[in-house]
Structure formats: C-alpha cells, structure tokens
C-alpha cells in the first residue's frame, strides 16, 4: 500500500497494491501496522459502517464534536463517489480548506480523514456502496455539520444543484460563518 498526504495536513489518500491474474484480483484493504506507519499515528478503529446510495445522493458535510470526534478511513466497494474532506481545526495551516477526490470500486483508493474534519460525498454512478471505519463511537448528541453549498467553502460537487438528492436534515446544516462566529 502507498499513501500520499493531501494538501490537508494529516489527511491521506491510500492506494493498495493489487495482485491480479486471469482469476481476478486480491488486495489487502487494511493492515493496522502498515496503515499506522503510513499515516504516522496510532488509530484504533472501533466501528465499521456501510451506506448504499443512488446517483446524485449527497451526504454531508458531517462531523462529531468534542470528545466524540471521529477519524475515518473511507472507501467505495461498488460504484464511485466524489469524496470531500474539510479541515475544521482552527489552528491548522489548512483551516477551512478542502479536498475532493474520486473514490471508486475500480480505483480502490481510500481516504484517511483525521479527527477535526468535516466529511461528505456525492454518488456519481447509478449506485454506490460506501464503507468507512471510525475510531470513535457514534454519539447523536455530538453530531454536527456544514451545509453542502456553503459559500465560504465553495465546493464543486460536479453536479447541478437540481440533481442533488439530500436529506432534510442535511439541508438544514449550519454555514461555516455560523459555526465559527
């Protein structure tokens, strides 16, 4: 596996070594020792989640606050998404900067999103299965988010707004200005 730090400090794009032949392929999707060596920190994942969505579904931008903040290792096992991570660490040199990367079942790339980031994605194929590991338990009282069309972030979701399929909850998320008054 190879890892490349993105423009966001501590946020890594990981690409597995794939072994293939006429029977198919094999790759190691997670190895704790190798993963921690590549990202330079100890991460104890405690929960795995999976979401199935159809084209145009936009989920995010989500994060958990305080002691319930979560680091995530995300990947797509069917289809493709544009995956977005936003640095919300006020003391970071990349505070309020974001990245958008394509994760797909074809490229098998993963993104490590450290604690202190908002995260979201939009499905760009007919359907997608999105999987992610979390290093902290989900706590409803600690969930928060930033509205997908925040003017400060100006994220290019690569779809026209009328194509988005967004939950009512996600349509009511805060702006950056509201969160960081």
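Every read-out reported here was derived from the displayed coordinates using simple, explicitly stated rules and does not represent laboratory data. Computed from a prediction, not measured in an experiment: that's the story for all the values here. With ideal geometry, Cβ positions are generated from the backbone for all residues, glycine too; neighbour counts draw on all protein chains shown.
Any chance region 105-119 includes a residue that's more than 16 Å from the chain's Cα centre (by Cα) and crowded, with 16+ Cβ neighbours inside 10 Å? No: region 105-119 contains no residue that is more than 16 Å from the chain's Cα centre (by Cα) and crowded, with 16+ Cβ neighbours inside 10 Å.
Listed here are the strands (runs of 3 or more DSSP E) enclosed by region 1-105 that have at least 1 residues being on the phi < 0 side of the Ramachandran plot and in contact (Cβ under 8 Å) with a residue 40 or more places away in the chain: 2-5, 12-15, 47-54, 58-64, 72-78, 80-87, 98-104. The set of residues in region 127-174 that are surrounded by fewer than 18 Cβ atoms within 10 Å (Cβ to Cβ), over 22 Å from residue 115 (Cβ atoms) and touching a strand residue (DSSP E or B) at 6+ places or on another chain (Cβ under 8 Å) comprises 127, 129, 156, 158, 159, 164, 165, 167.
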